[in-house]
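Undergrad: Structure in structure tokens, see below.
The values are calculated or read from the model by the stated rules, or taken from the named source; none is laboratory data. Because the structure is predicted, anything quoted here is derived from the model rather than measured. Neighbour counts are summed over all protein chains in view; Cβ atoms, including those assigned to glycine, are modelled from backbone coordinates with ideal geometry. Quick note on the areas: whole protein, heavy atoms, side chains included, nothing else; ligands and nucleic acids left out. Shrake-Rupley method; radii C 1.70, N 1.55, O 1.52, S 1.80 Å.
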Amino acid sequence: MPALPPVTQALLLINVALFAADALFGHLLSALFALWPIGPNFMPWQVVTYAFLHGDFFHLFFNMLGLWMFGAELERIWGTKRFIHFYAASVLAAALCQLLVNALLGSRFPTVGASGGLFGLLLAFGMMFPNRIIMPLFPPIPMKAKVFVAVFGGLELFFGVTGTQSGVAHFAHLGGMLGGFLMIRYWRGQSPFGRR
């Protein structure tokens, strides 16, 4: 197995370290750095810092597994700088979508997790390797990457619209996919962006 590229490795280490620190300090980090809805608890830095915090071990584990599976290969192809730009675009777009949905629904709960960035990476993987076979953990059925992305995107939209699986930031996941999609179109000089 090839060595992890530097940014993917750093993201894994930072997320695990902050999860441990947050547990050690009684979730003080989550109180300060989670993405709170616009209001008295919201601070501008939270649109980035929320993506380095996680609610529980399984939340952390599955996000880091996805980051390792999809992020490492994309970073090897794109290089460090482009990978950072892409991941940041996905995280920021996820945060903006979540803030918008929270404002529309009147939610008072904070959001944490790297899932928005991960869903952006998932979309990019499906666009770059559409016919690569993926074996997801749930369900354990081999499928092409483009099908995998379409299924997960469709499920997120369904769960978000119907309110199924409350407590999961489905629109943040979709926002991460949107941010990743727009970044790829920007790189390619496609609409809504001009030629580069």
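Undergrad: Within segment 1-23, count every residue that is of a type in the set (Val, Ile, Thr) and surrounded by fewer than 16 Cβ atoms within 10 Å (Cβ to Cβ).
TA: Selection size over segment 1-23: 2.
Undergrad: Considering segment 138-149 alone, what residues qualify as being in contact (Cβ under 8 Å) with a residue 12 or more places away in the chain and either over 20 Å from Leu178 (Cα atoms) or open to solvent by less than 80 Å² (accessible area, probe 1.4 Å) (or both)? If you could, list the steps in order and put the result at the bottom.
TA: Step one: list which residues in segment 138-149 are in contact (Cβ under 8 Å) with a residue 12 or more places away in the chain, which gives 144-146, 148-149.
If the condition is that a residue be in contact (Cβ under 8 Å) with a residue 12 or more places away in the chain and either over 20 Å from Leu178 (Cα atoms) or open to solvent by less than 80 Å² (accessible area, probe 1.4 Å) (or both), then Lys144, Ala145, Phe148, Val149 are the ones that fit.
Undergrad: Cβ contacts < 9 Å: first residue among the polar types (S, T, N, Q), restricted to segment 29-50; second residue part of a strand (DSSP E or B) and open to solvent by less than 40 Å² (accessible area, probe 1.4 Å), any location; separation 6+ or different chain. Result?
TA: Correct list of pairs: Gln46/Leu35; Gln46/Thr111; Thr49/Leu35.
Undergrad: Would you mention how many residues in segment 105-146 are assigned to a helix (DSSP H, G or I) and within 21 Å of Arg185 (Cβ to Cβ)?
TA: Adding up the residues that qualify gives 15.
Undergrad: While we're here: Run Pro192 past the list (1) within 22 Å of Leu32 (Cα to Cα); (2) exposed (fewer than 13 other Cβ atoms within 10 Å of the Cβ) and report the number of the one that doesn't hold.
TA: Pro192 satisfies every listed condition except (1).
Undergrad: Can I ask one more? Can you work out which of the residues in segment 68-109 that are in contact with a Leu (Cβ under 8 Å, 6 or more places away or on another chain) and more than 26 Å from Pro37 (Cβ to Cβ) is surrounded by the fewest Cβ atoms within 10 Å (Cβ to Cβ)?
TA: By that ranking, first place goes to Trp68.
Undergrad: Out of everything in segment 45-63 that is over 19 Å from Arg108 (Cβ atoms) and not in a helix (DSSP H, G or I), what residue ends up being least open to solvent (accessible area, probe 1.4 Å)?
TA: His54
Undergrad: For a quick check of your reading of the model, give me the residue pairs whose first member lies in segment 1-20 and is farther than 18 Å from Ile77 by Cβ, whose second is small (Gly, Ala, Ser), with beta-carbon atoms closer than 8 Å and at least 6 apart or on different chains.
TA: From residues that are farther than 18 Å from Ile77 by Cβ, the pairs are Asn15/Ala114.
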